[in-house]
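Below is one structure, written out as structure tokens; the observations come after it.
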Amino acid sequence: LTNVLYPTVGSRICHLWSGPDSERHDFVGQGVHVEVKTTTRSEPKHEISRLDQLRAPAGKRLLLVSVLLERTLGGDETLADRVDEIREKLGQDGRAIDVFEARLAQLGWHEGLRQTGSLLRFTFRDVHVFEVAGSFPRLPDNYTPPLGVSGIKYSINVGSLPSLGVTEVQNILALI
């Protein structure tokens, strides 16, 4: 939210945050959907948990944001720090703040978590954005599992893929 989406879309991004509603993609816009995957692994591998998670809806583009974190006791940040940063950026936009707080609650966030000491401390290693199209590693759009298979999880490695540049990402997100 704070590194990629907010700088381009602004507080409207809170209204497009659909992940807490168990939507197919984490952010759903008119022309662009965005899926965010985070890993603490040493390599940029992400687990895909739905058959259709890397399928762009008809007539829309799909971006995958790959966030690489290093889990460490000496980490610079926690989730609470990121929540505070977004709240600060939202400033006086009451509607966006209300939506953001409601989405956090849906995910099980509450202020008491700050005191538990169980929040993961991390350092950002890297963030890359990819357009899910063409030869991007994923199941084919026309893939249908065999009868009786009710779910599939698979991993992708985006380490060798060229990521989009900042200007490219901003131009695509302008269509959100």
Full-stretch length increase - Thr8, Glu47 - with 0.36 nm per residue and alpha-carbon distance subtracted:
11.4 nm
Leu107-Glu88 pseudo-label distance in nm [points 7 Å out on the Cα-to-Cβ vector]
1.8 nm
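Compute, for the chain, the length of the dipole vector about the Cα centre, with Cβ point charges of +1 (Lys, Arg) and -1 (Asp, Glu) only. Units Debye, rounded to 20.
Dipole about the Cα centre, nearest 20: 400 debye.
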Just need the relative contact order of the chain here, percent rounded to a whole number, with Cα pairs under 8 Å and 6+ apart.
32 percent
Within the range 144-166, list the residues whose amide N lies under 20 Å from a label point set 7 Å along Cα→Cβ of Ser22.
149-154
Once amide H atoms are placed 1.01 Å from N in the peptide plane, what residues at a sequence separation of 5 or more from Arg61, or on another chain, have their amide H within under 5 Å of its amide H?
Val32, His33
Loop only by DSSP, 15 or fewer other Cβ within 10 Å of the Cβ. Give me the trypsin sites (Lys or Arg not before Pro) in the range 1-56 that pass, ordered by residue number.
Arg41, Arg50
Assuming R0 = 35 Å, can you tell me the calculated FRET efficiency for the pair Asp141 and Thr40, based on Cβ-Cβ distance, to the nearest 0.05?
0.70
How large, in percent, is the carbon and sulfur part of the accessible surface of the chain at a probe radius of 1.4 Å?
50 percent
Picking from Leu54, Leu104, Leu73, which is most flexible by a Gaussian network model of the chain using Cα springs under 10 Å?
Leu73
Everything considered on the Cα gyration tensor (a ≥ b ≥ c; rounded for a/c under 1.5, else prolate if a/b is larger than b/c, else oblate), the range 69-136 must be described as oblate
Report the one residue of Gly10, Pro20, Ala58 whose Cα lies farthest in the direction of the positive end of the charge dipole of the range 1-156 (charges on C-beta: Lys and Arg +1, Asp and Glu -1; origin at the Cα centre).
Ala58
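The values are calculated or read from the model by the stated rules, or taken from the named source; none is laboratory data. This structure is a prediction, so every number in the text was calculated from the model and none was measured. Every residue, glycine as well, gets a Cβ built from its backbone with ideal geometry; the counts of neighbours run over all protein chains shown. Just the protein is used for accessible areas: all its heavy atoms, side chains included, with ligands, DNA and RNA removed. Shrake-Rupley method; radii C 1.70, N 1.55, O 1.52, S 1.80 Å.
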